[in-house]
Amino acid sequence: DLKLRNKLIYGLFYWGPAKLLETYQRLLKLAGKDPASSFPEGTWQFYVGYALRDDTARHTCETRGFDATLRQYNIQLAPVDRVTAWTMAAIYTLHQYDDLLANEWRERVYTHTLHQVAVEYEHKDAPYYAQLYRLWESKRPYLRRRDAYLDEDFPTYRRRKFDEFMAVATEGLPKSLVEEWRSRIKAAQAEELPSYQRQMRIHAYLEPTIYGEIRKPAPLPQVRVGVIHEGHYYLLPVCAGEGRLPVDVGAVRAQIAALMRLPAEKTAVSLTSIAAVRRSAFPDLIQSLSPALRQELAKLHQAPIWINTDQQPAQQPLSAIRQGERGIGDHPLTIFDTGESFVFDLSHIFFDGIWGVSLAEILTNEALGWAVYLHSLPPAEAGRHRPYSPAFSFRPGDADLVTQAEQVAQEASAETAAVDLPALLALRQSGKEEAALQHITVNDWLVLYRAIHTAVYQPSPELQAELQALRRDEKTRPAAETALAALHDDQNSNPAILIPVDASRQSPRDRVYPLTFEVPLLNLELINLHQKTLAAQRAYERGAPNPSHAYAQFVKARQAYLTRLQAFGEELHRQKQRAMQGDTMSVGTIRLLAHVPIPVQRLLDGIPGLFDSLNDLIKGREVFSNVGWVARSSTLTRFMTAKDDNEKKEMAWGVMTDAPGVMRLTLRDFRPHVAQLAAVGRHDLAARLAADQLEAYAADLNQFVRELQKILDGVAEPSAALAGEMEPGRAVPEKRYKRPYPLIPAAVIRAQEKQPVLADPPLAEQTGGSSGWGCFALFLFAVVMLVVFFVGGLFYVAVQVRPYDELVVIARQGAAAAGLFQPEETPTAVPAMTLTPTLTPSPTIAPSQTPRPSRTPSPTVTAVVLPTATATLTPSPTPLPTAVLTITRPADGMPMALIPATTFQMGAYAADELARPDERSLHEVYVDSYAIDLYEVSVAQYAAFLKTLGSYVGTCQGYTCLSTRFETRRSYLTVDAAGFGVVPGFENYPVNNVSWFGAQAYCEWVGGRLPTEAEWELAARGGDERL
């Protein structure tokens, strides 16, 4: 009956109108009117103008780099300079915004077009160019680094770095291909870039109508930056005088000092209640307010960026922080200062998620540059007057009109960092090795388990008891029953999830393509198959009477489970590929509205909201937005996604992984019980319900991932490894990124260069008294610095060079004993031609040999003579063999070559066709002395190491030592009751299928570490500079 009802609804209210609209558009085409012309800025920009306009349709992110960097360099910034730094960052961002947008456009169009041309030319590296933008993402700067020119602002610096990147990427390509690429991007730049900049420009405000928002652009000289301080709203110009040049930092600093130090002339008036009014109700509300208040509110249109300096606790959820004073909802961006971080609240009409978080990082670094400069100045002096501040004169009854206007949906929110990202990444890696799961990404696993968790989630007993208690109170009964019904309905429903797919790489103007996806849980029977496979595996592990039969049952259940997971992964992958081309039900529905009168558009757009089945098909019930893993240098920490104005949208999930590798989830809950509980004074309970659901999702997801990993491994996982070996939220081990000292803004350098230089400045302006004393002080300072550098150099030589010298002495003694060298010869002496190269095979270690490394025994020293490789292209005399001094590591008998400290040319030659762009070009690198293994670690050596651990699961720095399913991957390792062993005959084979953690743990076990890239390349090049 339900299926029949849904078919009838689909046929009557979607398929029928859709066919009529298609016929209408065909008639338009015959009349010479292209339906695509109805969307000059893309379908998404068209959609957000009427469907993501409310206060809940803003997304939020947070950066912590400003205060963290100031603390790192012990910079104590005055409160006035703190606000000034961010005000100047906002001012210069507004001046440079077109250049920032041009960079975003160029980076996407240039890389995408190069891939297209490479495909058309059937170039062998076309698949590589498909990943070019991702490679640039890993290198893309968000701040001016030390290689920036002094007068080079950030947009110019980033453009130069991208041009250098593309120059390397196109090096060696056929001339005709490069010319075709340049021709296409030149044409696209002339046709598309100006319109893209107009579309994304934030020098505008939003004018609400009943049907949507109208963007009203503002000339730059009329634009202001807004500052909210102690509840008061202030407007500061971004241009000096009537021109277009940026306002002077000294003038801004004086204004900020005045507004922070001089007493306020008016009583602060809160506008948060106006911001919470639905935008469709704004036209009627504004017209009903007093003319004086309307005029003052209109002054806020001048500021596209507002900076709220009234600090809130940084520990609050993002949804709570953004509830502070934030204007009336007609501007693009609000920045909140928490004292420890800065929170950015962004309108979806101007920012999609990825561009929003990128701009937040850029603004943070720009503010840091101004902070460093301001810190170098004398204390600020306040101006005579505060900046202009609107009065907001509410007449009696105005506040009631605002309260009575239709409000946005109330929400409860929660955040967690409990997702075990290392386990998820390990599962993703296992999926790549398992053909059935190769298409399932980390985000796909999150989406899949969202559907599974809906079916299995039960609130905590405490919350259920509290809701039952509220049911017994007549006043709170409706709210409690609504909450209980929502929890019950969730268990019996499968949420239709809207996934924003990044469309900007193919077409920057399109920004986002929405994809609505519903996991077919019932059809795939994933929950039952998961439990059945686990049960079969446990039965086999417990020692069933018939092991062969039990194992066969496990293999059968495992194969059936993986087949269903494969169906899920391939279907979602197929839909995402279609979405990247704009081929989704959601986008198709938007396109049907082309050239339809606006009232009819809104009427048709509202039809899905009347029927759950249509809404789930077209718009979805929940949003799941993942902005990914941020750059290594980024200080972004949290992200909260937006909810469109559709009343059927109940939840919004935001996901971000910060630079250290911690995945953070946010949940915004808009279900009806939230407003009802808030109405009876129990919003706290709604927030606890959201937090309980989110924490349960993270915990259950971790358990699901562990169980699925165990199924993929096909090996019983010890119970100890399941409990406490991997802490939730544990970051992937990574060297901590130290942020560079911020550079002073280029604008300051330019301003200083333009100031006239006085040949003979007045004595009053000279610092340090008379010029003689100043010169003497500089002389003393120079002498002291020379002494410091000289002593430091001696210390460096003594500390850095001595270890290698000691090793060389030991090696020379051993070499002399072996008859290879005379004691008086230097380590680099060339031996006689009669010497025979000695090749030492990898030592064989029986599994029973498990010595721990000791630093006390002296290493055994040998000298191995290796022939220098020669090029075979041109005949040349055979060079003399070069002696390689070695020591033998006592822990595992491995011979190690001694490499002296040196400087060498690292990277690839320009003519090397096999080299990647990130391997070019040659650059000089200094490497300290070190010793490196001559041979690969053998199977026997690694088996001896594993035998000391007793298990490979969770024992290498808390992670698995071996890649999954290692027994079936020719590792030649065996596991039995006696421990780890080696397949006979393969003792000296190189061990494989070792995880990164397993390799690092082995190195530490024998008293060493993994080599750096530079160390490996130097050793691999040898003496002839070849790899």
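The values are calculated or read from the model by the stated rules, or taken from the named source; none is laboratory data. Please read all numbers here as calculations on a predicted model, not as lab measurements. Glycine gets a Cβ as well: all are built from the backbone with ideal geometry, and neighbour counts include every protein chain shown.
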ask   = Has segment 943-965 got at least one residue that is aliphatic (A, V, I, L, M), under 25 Å from LEU424 (Cα atoms) and either at pLDDT below 85 or surrounded by fewer than 14 Cβ atoms within 10 Å (Cβ to Cβ) (or both)?
value = yes
Over segment 172-184, the set of residues surrounded by 16 or more Cβ atoms within 10 Å (Cβ to Cβ) and modelled with pLDDT under 95 is LEU173
For segment 118-129, pairs from a residue that is farther than 16 Å from ALA915 by Cα to a residue that is at pLDDT below 95 and surrounded by 15 or more Cβ atoms within 10 Å (Cβ to Cβ), with Cβ under 6 Å and 6 or more apart or across chains, are ALA118/ALA126; ALA118/TYR129; VAL119/ALA126
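Rundown of residues vs (1) surrounded by fewer than 18 Cβ atoms within 10 Å (Cβ to Cβ); (2) closer than 26 Å to ALA560 by Cα, yes/no style:
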position: ASN646; (1), (2): no, no
position: LYS649; (1), (2): no, no
position: THR657; (1), (2): no, no
position: PRO660; (1), (2): yes, no
position: PRO672; (1), (2): yes, no
position: GLN676; (1), (2): no, no
position: HIS683; (1), (2): yes, no
position: LEU708; (1), (2): no, yes
Checked ALA915, ALA871, ALA863 against criteria (at pLDDT below 80, of a type in the set (A, V, I, L, M) and exposed (fewer than 13 other Cβ atoms within 10 Å of the Cβ)); the one match is ALA871
Exercise. Answer yes if at least one residue in segment 351-362 is surrounded by fewer than 24 Cβ atoms within 10 Å (Cβ to Cβ) and touching a Ser or Thr at 6+ places or on another chain (Cβ under 6 Å), and no otherwise.
Key: yes
Given the conditions (1) among the aromatic types (Phe, Trp, Tyr); (2) at pLDDT 85 or above; (3) touching a helix residue (DSSP H, G or I) at 6+ places or on another chain (Cβ under 8 Å), every one holds for TYR926 apart from (3)
Filter segment 130-152 for residues that are out of contact with any helix residue (DSSP H, G or I) (no Cβ under 8 Å at 6 or more places or on another chain) and without any contact (Cβ under 8 Å) to a residue 24 or more places away in the chain; the one that is nearest to THR364 (Cα to Cα) is ASP147
**Prompt:** Going by the structure shown, is GLU265 surrounded by fewer than 19 Cβ atoms within 10 Å (Cβ to Cβ), closer than 26 Å to ALA85 by Cα, modelled with pLDDT under 95 and touching a helix residue (DSSP H, G or I) at 6+ places or on another chain (Cβ under 8 Å)?
**Reply:** no
Margin query: With the structure loaded, tell me whether GLY1023 is in contact with a Gly (Cβ under 9 Å, 6 or more places away or on another chain) and modelled with pLDDT under 85 or whether it fails that test.
Written below: no
Over segment 390-429, the set of residues without any contact (Cβ under 8 Å) to a residue 40 or more places away in the chain and either more than 30 Å from LEU259 (Cα to Cα) or buried (at least 18 other Cβ atoms within 10 Å of the Cβ) (or both) is GLY397, ASP400, GLN404, ARG428
Residue hits (segment 248-292; part of a loop (DSSP other than H, G, I, E, B), within 40 Å of the chain's Cα centre (by Cα) and among the small types (Gly, Ala, Ser)) are ALA268, SER270, ALA276
The number of residues in segment 70-90 that are at pLDDT below 95 and β-branched (Val, Ile, Thr) is 1
Taking segment 163-196 and the residues there that are charged (D, E, K, R) and outside any helix (DSSP H, G or I), the one that is farthest from LYS124 (Cα to Cα) would be GLU192
Test GLY356 against the criterion of being in a loop (DSSP other than H, G, I, E, B) and among the small types (Gly, Ala, Ser), and give yes or no.
no
Open item on the list: Going residue by residue through segment 998-1010, is there one that turns out to be modelled with pLDDT of 90 or more, among the aliphatic types (A, V, I, L, M), loosely packed, with under 14 Cβ neighbours inside 10 Å and under 35 Å from the mean Cα position of the chain (by Cα)?
Closed with: yes
Exactly one of PRO79, PRO40 is more than 19 Å from VAL178 (Cβ to Cβ), surrounded by fewer than 20 Cβ atoms within 10 Å (Cβ to Cβ), assigned by TED's automatic domain parsing to the domain that holds PRO208 and in contact (Cβ under 8 Å) with a residue 12 or more places away in the chain, and that one is PRO79
Among residues of segment 154-179 being of a type in the set (D, E, K, R) and in contact with an Asp or Glu (Cβ under 8 Å, 6 or more places away or on another chain), the residue farthest from GLY226 (Cα to Cα) is ARG160
Of the residues in segment 291-349, those that are closer than 14 Å to LEU235 by Cα, touching a residue at least 12 places away in the same chain (Cβ under 8 Å) and among the aliphatic types (A, V, I, L, M) number 5
Across segment 617-633, the tally of residues that are among the hydroxyl-bearing types (Ser, Thr, Tyr) and surrounded by 21 or more Cβ atoms within 10 Å (Cβ to Cβ) stands at 1
* Asked: Has segment 317-325 got any residue that is crowded, with 18+ Cβ neighbours inside 10 Å, in contact with a strand residue (DSSP E or B) (Cβ under 8 Å, 6 or more places away or on another chain) and polar (S, T, N, Q)?
  -> yes
**Study point:** Residue in segment 138-151 that is aliphatic (A, V, I, L, M), assigned by TED's automatic domain parsing to the domain that holds LEU346 and crowded, with 18+ Cβ neighbours inside 10 Å present
**Key:** no
Q) Any residue at all in segment 599-609 that is at pLDDT 85 or above, within 21 Å of LEU52 (Cβ to Cβ) and either not in a helix (DSSP H, G or I) or not assigned by TED's automatic domain parsing to the domain that holds HIS453 (or both)? A) no
Residue set ILE307, ILE335; condition over 22 Å from the mean Cα position of the chain (by Cα) and under 27 Å from PRO221 (Cβ atoms); output residue ILE307
Being farther than 28 Å from PHE154 by Cα, among the polar types (S, T, N, Q), more than 32 Å from the chain's Cα centre (by Cα) and not assigned by TED's automatic domain parsing to the domain that holds SER633 narrows GLN295, GLN302, GLN316, GLN312 down to just GLN295
Does GLY212 satisfy the criteria of being farther than 21 Å from PHE392 by Cβ and without any contact (Cβ under 8 Å) to a residue 12 or more places away in the chain?
no
Wholly inside segment 370-468, helices (runs of 4 or more DSSP H) that include 1 or more residues that are outside the structural domain of ALA687 (by TED's automatic domain parsing) and among the small types (Gly, Ala, Ser) are 398-404
